[in-house]
1. Pick from region 50-93 the residues that are in contact with a Pro (Cβ under 9 Å, 6 or more places away or on another chain) and of a type outside the set (D, E, K, R): which of them is most open to solvent (accessible area, probe 1.4 Å)?
2. Residue check: is residue 127 surrounded by fewer than 22 Cβ atoms within 10 Å (Cβ to Cβ) and not in a strand (DSSP E or B)?
3. For residues that are open to solvent by 40 Å² or more (accessible area, probe 1.4 Å), farther than 16 Å from residue 41 by Cα and assigned to a helix (DSSP H, G or I), tally how many sit in region 193-232.
4. Does residue 444 count as over 30 Å from residue 10 (Cβ atoms), touching a strand residue (DSSP E or B) at 6+ places or on another chain (Cβ under 6 Å) and assigned to a loop (DSSP other than H, G, I, E, B)?
5. Any residue in region 330-341 that is under 19 Å from residue 452 (Cβ atoms), in contact (Cβ under 8 Å) with a residue 24 or more places away in the chain and surrounded by fewer than 20 Cβ atoms within 10 Å (Cβ to Cβ)?
6. Quick one: which of 523, 530 is touching a helix residue (DSSP H, G or I) at 6+ places or on another chain (Cβ under 6 Å), surrounded by fewer than 24 Cβ atoms within 10 Å (Cβ to Cβ) and within 22 Å of residue 435 (Cβ to Cβ)?
7. When residues of region 95-109 are filtered for being part of a loop (DSSP other than H, G, I, E, B) and either open to solvent by less than 30 Å² (accessible area, probe 1.4 Å) or without any contact (Cβ under 8 Å) to a residue 40 or more places away in the chain (or both), how many remain?
8. Kindly indicate whether residue 462 is buried (at least 20 other Cβ atoms within 10 Å of the Cβ) and among the aliphatic types (A, V, I, L, M).
Amino acid sequence: MRIAVLVKQIPEFEDMTLGPDGRLQREGVALEMNAYCRRAVSLGVELARERPGSEVVVYTLGPPAAEDALREAIAWGLARDVEIRGVHVSDPAFAGSDTLATARALAAALARDGAFDLVLSGRNSLDADTGQVPPELAELLDLPFLAGVRRLDVLDEHGVVHARCEHDDGQLTAEVALPAVLSCAERLIEPTKVDPEGRAAVPAERLRRVTASELGPGPWGDAASPTRVGATRVLAMPRARERVAAGPAAQQARDAVLSLAARGALAEMTHATGTVATTESGGPIVAVVVEPNREHMTREVLGEAARLAEILGGNTVALVAHDHDAPAVATLGAWGADVVVAIDRAEVEEDVAAAVATWAATAAPHTVLAPSTVWGREVAARAAARLGAGLTGDAVELEIVDGRLVAWKPAFGGQLVAAVTATTAIQMATVRAGVLPTRQPRTPSARVERVTVEPRRRVHVIARSRDDDLDALADAAVIIGVGRGVAPDEYDALEPLQRLLGAELGASRKVTDEGWLPRSRQIGITGRSIAPRLFVSIGASGKFNHSVGWRAAHTVLAVNPDPDAPVFDAADVGIVGDWHELVPALVAELSRVLPLAAPDAST
C-alpha cells in the first residue's frame, strides 16, 4: 500500500503574543507539527506497519523550518520499521499561498510522485481552522473524501475503507472506495511525538525538496491565491481578574453575585433582530447552500444573505439537496430566499458540491455562503476548487465594502479576527453557527428551480446520527463549562444552577475525551469557540487550549479550589473553593436576587 500523509507546521499558541499594532509577534515563537497532523502520521505508519512492503510518503508545504515536521514524522515511522520518506514542497514562489493555492501545490506534488492508495491529513490546522485543504485536494485529485475519521478498517481484499467519522454533533458511518482522501480526528490514534534528538538523527537521504519549477509553470503562492487577508483586530475581551475574598461559601457567593450584577452579566440580554429584507428579482445573487436538518443555522444564514442582497440590490437563492429532508419552499422563502434551487439526485457532499459548482458556473452569483460544519466545509471547498473561487472559512461577520464581500474570520486560535476578501467574481464563505442574528420572517414568495446531478457513488453512507444539537452552545446566553473536577455522576448537582441561569453545559477536552459529554460540547482550540453573556467555569484548570474557546464571552466566572489555577487569569470573577459547597451557595444567592428565575419557576 502506498500512503501519502500531509502535515503542517504551526506556531505553538501558548508562546504567541500580540504587539502594540495588534499583530502577532512571530520572532522567537516555537513551531510544532499541527495536532491533527500527528494523528495522520501515526495512522499512516500503523497501516503501513500492518502491511509489509507498504510505503509512507509525508508531504509538507512551507519554509525551510518546516523540514522539522517532516523529520518528526519520518523518525516516528523509522522507529516502527516502516519504509518512510519526506517531501518538502518549499520555494519562495509558494509564499502567500491560501488554502486553494496550497491544495494545488500539494496535488501537483502528489501527482508527480505517482498514484497513492490513501491520502491522509489532519482534520484541520489549529492556526486557521478552515478544514478546507483536504476536501479541496480531494476535488483536485478527483478522489472521494471522508472528514474527521475516528475509527477505520481497511478492507484490502475489496479496496474499501470502512470508517466511523466524528462530525460536529454526531457521527457518520460510511464506506469509501480506494484511492481516497481521509482527514483524521483528534482521538483516532496515539499522536506522533519525537524529541529533538530523534528528529535530528533522521538521515538526510530520507528527505527531498521539491521546488516550484519542478511542479510546473504555476502560478503558485500569492499569485495563485484567490483570497487576500486584510486588516486584523483583537477578538479578546480584557478580563477583570477579580478574586472573591476567602470566607464562608455563602459570603463568597454573595460577593460573586454582586460583581456579576455590576458587570451586567445577570441582566437579560435580547438578541437584537431585524426583519428579513425583501429583495427584488434581478441584480447580484447571494446564494446559501442549505445543509439537511440544520434549520436554525439555515435561518440565520438566509437572513444574513437577504441583508447582503438588499445592500447589493440583488436577490437571495437557497440551494437545497432535494433528496434530503429540507425546510419547505415557503419556509425558506420566509427566512429570506427569493429562489429555491432544488438539487435532484445528490446523495452525498461531493454530489451537492458538483451541483453547486454547475449552477454557479451559469448563474454567476456574487456570493455563495455555506455553514461552517463538516458537511458545509466539504461542499464549499469542493465547489470552490471546481470554480477556482476564493473561499473564506469559518466567518463570524460579513460585510459588503465597495461592492465586495468582506468576511471576518478567527485566526491563530481565536486571538485575532482577520478580514478576508476574494479576488474572484464568485466569492464564497462558510459561516460559523450562532454568530448571526435570527431575523423576523417575511411573507414568503420564493419560486422553485431545479438542477440535476449524476451521483458518483464513491462514498456509501451506512448511517448518519446526531448525539447533540450544534446550535445549543452557539445560541446560549449562559454556559456552564465543566472540567474533570466535576465527575459525570455529579452533573445532576449542577442542574439547579443550570435551570436558574437557563444555561447549557460545555466542557473541556478532557471531559469529552472521557465521553462524559458529547464532543460538540468541547470548548477550546480543538473544540468550539463561544460568545455567551456569561460563562461559568467549574472544576477546570483553564489552560490556554481550553480558555481560548471562551475568549469572546462577555463575563467569566471561575470556581476552582486551586488559587494558582490559570483559569483565574482568564476570568472576570474568581472564587477559590470547593464547587460542592459554592454551587449550592450560588443557587441560593441567585434565587434571592433573581426570584422570577428560581428553579421551581422554570416549569
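1. The qualifying residue most open to solvent (accessible area, probe 1.4 Å) is 92.
2. yes
3. Residues in region 193-232 being open to solvent by 40 Å² or more (accessible area, probe 1.4 Å), farther than 16 Å from residue 41 by Cα and assigned to a helix (DSSP H, G or I): 9 in total.
4. Against the criterion (over 30 Å from residue 10 (Cβ atoms), touching a strand residue (DSSP E or B) at 6+ places or on another chain (Cβ under 6 Å) and assigned to a loop (DSSP other than H, G, I, E, B)), residue 444 does not qualify.
5. no
6. Among 523, 530, only 530 is touching a helix residue (DSSP H, G or I) at 6+ places or on another chain (Cβ under 6 Å), surrounded by fewer than 24 Cβ atoms within 10 Å (Cβ to Cβ) and within 22 Å of residue 435 (Cβ to Cβ).
7. Of the residues in that region, 1 qualify.
8. In short, no.
The values are calculated or read from the model by the stated rules, or taken from the named source; none is laboratory data. Computed from a predicted model, the values in this text were never measured in an experiment. When we count neighbours, we look across all protein chains shown, and the Cβ atoms used for this are built from the backbone with ideal geometry, even at glycine. Note: accessible area is taken over every heavy atom of the protein model, side chains too, but ligands, DNA and RNA are not part of it. Shrake-Rupley method; radii C 1.70, N 1.55, O 1.52, S 1.80 Å.
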